[in-house]
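First up is the structure itself, then whatever we jot down about it.
The values are calculated or read from the model by the stated rules, or taken from the named source; none is laboratory data. Remember, predicted model here, so these are calculated numbers, not experimental data. Note: ideal-geometry Cβ built from the backbone for every residue, glycine included; neighbour counts use all protein chains shown.
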């Protein structure tokens, strides 16, 4: 059974390798990921089946655009940027566990607006987010 935990600095290479596999990430996008992580490390979580294997990860980013915050009458916002669970480990509660951990951090940071974009073809992801109130 996988367990969710906060991302640690030693996870960088494993997560980037997993991100390449799960999302077909281009090598140039590694800088973007590393930039998100360095700006908000508390918004990154991973799930592992054992100490050697990271099966899933998620990342979020603060929303800084004043127009978005003003539109929703929000003081602080964040966006769930990526949530990826290895296909072999789906439907085991891992994504919900990762999101629950992230939402706890959002509460601590007094974030009152959370956004998430999901491609229309990701029906199962939309169901998951719907169950969580999106």
On the given criteria, is residue 83 surrounded by 16 or more Cβ atoms within 10 Å (Cβ to Cβ), at pLDDT below 85 and outside any loop (DSSP other than H, G, I, E, B)? yes
Candidates 102, 98 - the one that is touching a helix residue (DSSP H, G or I) at 6+ places or on another chain (Cβ under 7 Å), in a helix (DSSP H, G or I) and either under 29 Å from residue 67 (Cβ atoms) or touching a residue at least 12 places away in the same chain (Cβ under 8 Å) (or both): 102
If we ask which residues in the range 112-134 are within 18 Å of residue 81 (Cβ to Cβ) and part of a helix (DSSP H, G or I), their number turns out to be 4
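Conditions tested, residue by residue: (1) surrounded by 18 or more Cβ atoms within 10 Å (Cβ to Cβ); (2) farther than 19 Å from residue 132 by Cβ; (3) modelled with pLDDT of 75 or more.
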position	(1), (2), (3)
7	yes, yes, yes
29	no, yes, no
35	no, yes, no
42	no, yes, yes
51	no, yes, no
98	yes, no, yes
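Among the candidates 60, 78, single out the residue that is modelled with pLDDT of 75 or more and either in contact with a strand residue (DSSP E or B) (Cβ under 7 Å, 6 or more places away or on another chain) or closer than 21 Å to residue 134 by Cβ (or both).
78 is the lone residue from the list that is modelled with pLDDT of 75 or more and either in contact with a strand residue (DSSP E or B) (Cβ under 7 Å, 6 or more places away or on another chain) or closer than 21 Å to residue 134 by Cβ (or both).
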Hey, among the residues in the range 107-128 that are under 23 Å from residue 73 (Cβ atoms) and either touching a strand residue (DSSP E or B) at 6+ places or on another chain (Cβ under 6 Å) or modelled with pLDDT under 85 (or both), which one's surrounded by the fewest Cβ atoms within 10 Å (Cβ to Cβ)? 117
